[in-house]
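The values are calculated or read from the model by the stated rules, or taken from the named source; none is laboratory data. Note that this is a predicted model, so its numbers are computed, not measured. Virtual Cβ from ideal backbone geometry, glycine too; neighbours counted across all protein chains shown. Only protein heavy atoms, including side chains, enter the accessible area calculation; ligands, DNA and RNA are left aside. Shrake-Rupley method; radii C 1.70, N 1.55, O 1.52, S 1.80 Å.
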Amino acid sequence: MSRPPAERQVSRTIAADQRLSDELTRIGIDDSAASPTVLFLASGVAWLLIGSLMGLIASVKLDLPDWLGGAGPITFGRLRPVHLNAVTYGWISLAGSGMIVWLMGRLCRTHIRWTALLFLSAILWNIGLFLGSALVILGYSGGMEWLEFPLPAAAVIALAFILFALSMFRTFAARQVEHVYVSLWYILASLTWFPLLYVIANAGLYQGVGEAAMNWWYGHNAITVWFTPIGLAGAYYFIPKVIGRPIYSYYLGLLGFWSFALFYNWNGLHHLVGGPLPTWAISVSIVASLMMFVPVLAVAVNHHMTALGHLSMIRYSPTLRFVVFGAMSYTATSFQGSLEATRSVQEVAHFTHYTVGHAHLGMYAFVTMVLFGAVYYIMPRIAKWEWPYPNLIKVHFWLSAAGIAIYFLSLTLGGWLQGLAMNTPSIPFIDTVNLTKPYLWGRAVGGTLMTIGHCVFAYHFLLVIHRAGPKRFAPVWFRKAEEVAAP
Amino acid sequence: MTLLPALLVIVIVAIVGASLALAAFFWALRTKQFSVKQLNEGASVIFDSVEHVGKPTDQLFKKPGLQNDEQTSG
Amino acid sequence: MMFIRSFVFFLGVLAAFALGWIGIVGVPDMMLARIEAPPELKRYTAEQLYGRSIYVREGCLYCHSQQVRPEGFGADQARFWGRPSVPADYLYDKPHLLGTMRTGPDLFNIGARQTSEEWHLLHLYNPRLVTKGSIMPPHPWLFEEKPTAGPGEEALVLPDSLAPARKVVVPTAEAKALVAYLLSLNHTYPVSQGAASDDTAKTRR
Ligand code: HEM
C-alpha cells in the first residue's frame, strides 16, 4: 500500500500517552452514546421485522388474492401502507437515528448531550409508529402515499424527531473539533430539513392538484432530506474508517453535497409525469432529476477511489461488505432514477411494478444495506461484545443480497413488460395483469429470502445485546475503558 | 392570468437565491475554504493516533491468529 | 470563523430546501388557485363522500390511478379511459387520489364506463366473480350475510360455490356508498382547455 513513509513515521512516534488519551476519549464518547443508540437500533430492528412481514403478506396477497381475504384490517390496501411506514419511518428512520447518535459523538469528539431527550424521542417515536399503523389498519388512513399516518400519529412522530434533533444540535454545538466531516454535513442538513418537511406536509395546506404536487414533493423529498442522507452519511464514514484511508477527495465531497442539496430538492414532480399539472413544473423536476448525475457521480467516484486497491478487505470486514454493496447500489439507483424520470421511460414505467422495483433498489439495496453495515460496526463497540457467529453475518448478507437481486430483477422486467402491454391498446387490460403474475411470484420469493435474512440479523443482534454466545478474543477492535487503562 | 405573479415570484426568488449563493461562494474563496490544507484536515478527523490512517478497523471474518494490525492488502 | 461557517452552511441548506418547495409546489399551486370549476363538475353528495372515504380506507389507491393521460402519451386514449384530465376536475378532491399504480385500470371515468350498480357490488364482493384472473382483493366485509334480505335490500346473485349455505349476501351501506362514489367518477363533460389552465393542457405532451 502506498502511504508515504513519513506519515507512517509520524504515527509511530506519537507519544504513548497521546495514544492512551485518544483511545480513552473515543471509548468514553462511544459509551456516552451507547444507551440511546441501542434503544434506537433495537426499535429499528423490531420495525424491520414487522415491516418485512407486512410486505411479505402484501406480496403474497397479489399472488393469492383470496388468501386472508375475509377481513378489512388485513386487506392488501391497508397492509401495504403499513409496510411502507414500518420500514421507512420505523426501520430506516430509527436505525438511522441510532447511527446518527453514535456518529455525532464520534464526529464531534464529545459525549452526547441531552440524552434524556433521546430516550423520550425513541419512546415517542415508537408510540407514534404503533398508533399510526394501528389507525391505518383500523381504517383511518390519511389517504396520501407516504403520509398515511393520520394527524395524531404524525404529530407524535414530528415531536419525537424534533426532540431528537435538539439533542443532536446541542451535541454539535459542543463539538471539540474544528472540522465538520462530510457525514456530518448530510446529518445536519437532514436534521434541519426533515422536521420542516414533515410538518409542512402534514399541515394540510393544499387541495386538489396542488395537494398532489405537495404529496410528491414530500414523497421524493423524504428520500432527499432523510433516507439518502442517512445512507450517504454512513457510507462516507464507514468506507474510509474501515479501510483506514481518508476519503479520496474532500473537494468532490463538497461538490457532491451542495449539488445534491441544490438539485435533489426539485425532483418530486417526476412522480406525476403525464399528470394534470403544469408542464413546466414537471419539466423542471425532470431536468433536476437529470442534474442528479452531478452529485451522484461525485459520490460514486469518491467512494470508488477510496476503496480502490482495498476492495479485498470486503472479504474480511462485514461492515465494508454491506456498505460497499449499499454505496454501489446508490449509484445504480440514482442512475436508474435519473433515466426513469424522462418522459419516454415514464410513458412505459410510470404506473407499473417497475417503480416498486426501483423503490426497493433505493430503500433496500442502498439505505438498508448501509444501515446493516453500520449496525455491524457500531454494536460491538458499544456492547463491548463481538458478533458471536461471523457465519450468521455471511448468511444474512447473502440472503439479503440474493433476495433484493431477485426482487429487483423480477419487478423490473415484469413491470417493464406490464407497461409495454398497457400501452398496446389491443391487449385487454386483464392480460397486463396475467402477464405480471410470474414476476410477482418472483418478488415474493426474493422478499422471503430478505425476510429470513432479517430474522437471522435480529437474532444475532439480540445475542450481542445480551452479550451471549461464544466470546471472541481476536481480532478485537474495541475494548472497555478499564481494559485500556489497565497496565 | 396568474402566470405573471407566478413569474414574478420565480424571478425574485431566483435573484435573491443566486446572490446569496454567489456571496457564499466568494466568502468561501476569500477565507480559503477550498484550500488543500482545509480539505485534508477535514478528511482526517475520523482518525486518531490509535485508529490512524493505514489501520483497518474491522476484520471480523479474518481467521484469528493472522496479524491484524497494520494490515496491508490489495 | 467556526460560527460563520456554520451560519453559511445552514443558510445554504435552508435556501436549497425553500427554493424547491416554492418552485415545485408553491408556484404551481398559485397558478392553479384561480381556476374555476367546470359547471358540469358536481360536488360530491354526502353518500359519495362517505364512499370516497371507504375508497381511502381500503387503499384502492395503491392499485388504481385517477388521472388520464393525453393522446400520444401511453394508451389511455386508445383504451377509452376518458379525455385527458385537467386540474379543474380535481377541485373538490381532498385527499387527492391521483395514484401512481395501475395494477388495476384507471378509474377516473369508471362511472361512465361501467354503470351497473349490480356489477360493481358483485365485483367488490369478489372480483373473480366477474373478471377471471383478477388479482384485486375481495371485500366481503362490506357485505352482510343474512337468512333473508330485508325490505328494500337486494341480495347478490352468487354462484352456488360461493354462496354461503342457507344465507344471502346483501350489501351494507358502506358498499352502496362506495359504489355511489365509483358511479360519480364521470369526467366526460367537455372542458375548454383554456378555462382549466392556460398552459397545462396545451403543452402537457
Ligand atoms: C427494509 C426493507 C424494505 C424497504 C425499505 C421497503 C420499502 C418499500 C417502499 C418504499 C415501497 C413503496 C414502493 C412504491 O410505491 O413505489 C414498498 C412497497 C412494497 N414492498 Fe417493500 N420494502 C422493504 C422490504 C420488503 C420486503 C421484505 C417485501 C416482501 C416481499 C416487500 C414487499 C413490498 C410490497 C408488496 C410493496 C407494495 C408494492 C405495490 O404496491 O404493488 N418489501 N416497500
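Return the only residue of A:Gly442, A:Gly415 being within 11 Å of the ligand (Cβ to nearest atom), within 13 Å of another protein chain (Cβ to nearest Cβ) and under 22 Å from A:Gly362 (Cα atoms). Going through A:Gly442, A:Gly415 in turn, the sole match is A:Gly415. Only one of the numbered conditions (1) under 23 Å from C:Asp29 (Cα atoms); (2) surrounded by 22 or more Cβ atoms within 10 Å (Cβ to Cβ); (3) facing another protein chain (nearest Cβ under 7 Å) is not met by C:Gly74, and that is (1). Condition check: away from the ligand (no atom under 16 Å from the Cβ) and loosely packed, with under 15 Cβ neighbours inside 10 Å. Does A:His460 satisfy that? In short, no. Among all residues of segment A:476-487, there is at least one that is touching a residue at least 60 places away in the same chain (Cβ under 8 Å), among the small types (Gly, Ala, Ser), outside the structural domain of A:Leu107 (by TED's automatic domain parsing) and open to solvent by 10 Å² or more (accessible area, probe 1.4 Å).
Rundown of residues vs (1) closer than 30 Å to C:Asn126 by Cα; (2) part of a helix (DSSP H, G or I), yes/no style:
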{"site": "A:Ala34", "(1), (2)": "no, yes"}
{"site": "A:Ser43", "(1), (2)": "no, yes"}
{"site": "A:Asp66", "(1), (2)": "yes, no"}
{"site": "A:Val82", "(1), (2)": "yes, yes"}
{"site": "A:Ala86", "(1), (2)": "yes, yes"}
{"site": "A:Ser97", "(1), (2)": "no, yes"}
{"site": "A:Val101", "(1), (2)": "no, yes"}
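C:Arg34 meets all of the listed conditions (1) more than 30 Å from A:Pro229 (Cβ to Cβ); (2) more than 9 Å from chain A (Cβ to nearest Cβ); (3) part of a helix (DSSP H, G or I) but one, namely (3). Considering only residues in segment A:58-91 that are of a type in the set (D, E, K, R) and crowded, with 24+ Cβ neighbours inside 10 Å, the one that is nearest to the ligand (Cβ to nearest atom) turns out to be A:Arg80.
In the set (1) within 16 Å of the ligand (Cβ to nearest atom); (2) more than 14 Å from every other protein chain (Cβ to nearest Cβ); (3) buried (at least 21 other Cβ atoms within 10 Å of the Cβ), A:Val38 fails one condition alone, (1). Is it the case, given these coordinates, that A:Ala365 is hydrophobic (A, V, I, L, M, F, W, C), within 15 Å of the ligand (Cβ to nearest atom) and assigned to a helix (DSSP H, G or I)? Criteria met by A:Ala365. Screening C:Leu121, C:Leu97, C:Leu129 for residues that are open to solvent by less than 10 Å² (accessible area, probe 1.4 Å) and of a type in the set (A, V, I, L, M) leaves exactly one candidate, C:Leu97.
Counting residues in segment A:92-104 that are closer than 25 Å to C:Gly99 by Cα and within 8 Å of the ligand (Cβ to nearest atom) gives one or more.
Just for segment C:100-118: of the residues that are open to solvent by less than 40 Å² (accessible area, probe 1.4 Å) and in a helix (DSSP H, G or I), which one is farthest from the other protein chains (Cβ to nearest Cβ)? That would be C:Gly111. Scanning segment A:357-396 for residues that are free of Cβ contacts under 8 Å to residues at least 12 places away in the same chain and under 16 Å from the mean Cα position of the chain (by Cα) gives a single hit, A:Ala359. Does any residue of segment A:377-384 turn out to be more than 10 Å from the ligand (Cβ to nearest atom) and within 14 Å of chain C (Cβ to nearest Cβ)? No: zero hits.
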